[in-house]
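Comments concern the structure below.
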Amino acid sequence: MGPSMAPTLENGDQLLVRYGGAVRPGQVVVLRHPFQQDLLVVKRAAERRAGGWWVLGDNPYNPTGDSTDYGAVPDELVLATALARFRPRQRPEHAPEDHRSLRAWLSWVSSALRPLRADSSASSRLRAR
């Protein structure tokens, strides 16, 4: 994952997904890139259009690699909706000294697994672009 979905997702995050099922505006989805179908992409479904789903990244400072580049994504390329994200903990030998404490471990435990809720502001961000 690149920076386009920050702050919702960070590089290295893992996703719990549900394949199939209905997509609703505001949900985080996993899709095949329309021009490079062996590449999986994670974006937010902003709205339904005639050609499929208009998808956007959450990071307004990195507006590339979404429907503004390749248009609406056909339904058959939207594979799954993301239910939750898991943020793995850095290995202790690679973590800074202050990340090895009990306090740092408890902080990680409290934030490692988070549900991904639909963001209703996705369509308003679309109108702002």
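Could you check the range 27-54 and list, in sequence order, the residues that are under 19 Å from LEU16 (Cα atoms) and of a type in the set (A, V, I, L, M, F, W, C)?
VAL28, VAL29, VAL30, LEU31, LEU39, LEU40, VAL41, VAL42, ALA45
Filter the range 38-92 down to the residues that are under 26 Å from TRP108 (Cβ atoms) and touching a Ser or Thr at 6+ places or on another chain (Cβ under 6 Å), then identify the one that is modelled with the lowest pLDDT.
ASN62
Can you find a residue that is of a type outside the set (A, V, I, L, M, F, W, C), within 22 Å of LEU9 (Cα to Cα) and in a strand (DSSP E or B) anywhere in the range 47-70?
yes
Within the range 1-38, take every residue that is among the polar types (S, T, N, Q) and not in a loop (DSSP other than H, G, I, E, B) and give me the one that is nearest to the chain's Cα centre (by Cα).
It comes out as SER4.
For the range 93-129, how many residues meet the condition of being at pLDDT below 75, assigned to a loop (DSSP other than H, G, I, E, B) and not small (Gly, Ala, Ser)?
So the answer is 5.
Which numbered condition in (1) crowded, with 17+ Cβ neighbours inside 10 Å; (2) farther than 21 Å from LEU113 by Cβ is the only one that VAL42 fails?
Against the list (1) crowded, with 17+ Cβ neighbours inside 10 Å; (2) farther than 21 Å from LEU113 by Cβ, VAL42 comes up short only on (2).
The values are calculated or read from the model by the stated rules, or taken from the named source; none is laboratory data. As the structure is a computational prediction, the values presented were derived from the model and not from experiment. Virtual Cβ from ideal backbone geometry, glycine too; neighbours counted across all protein chains shown.
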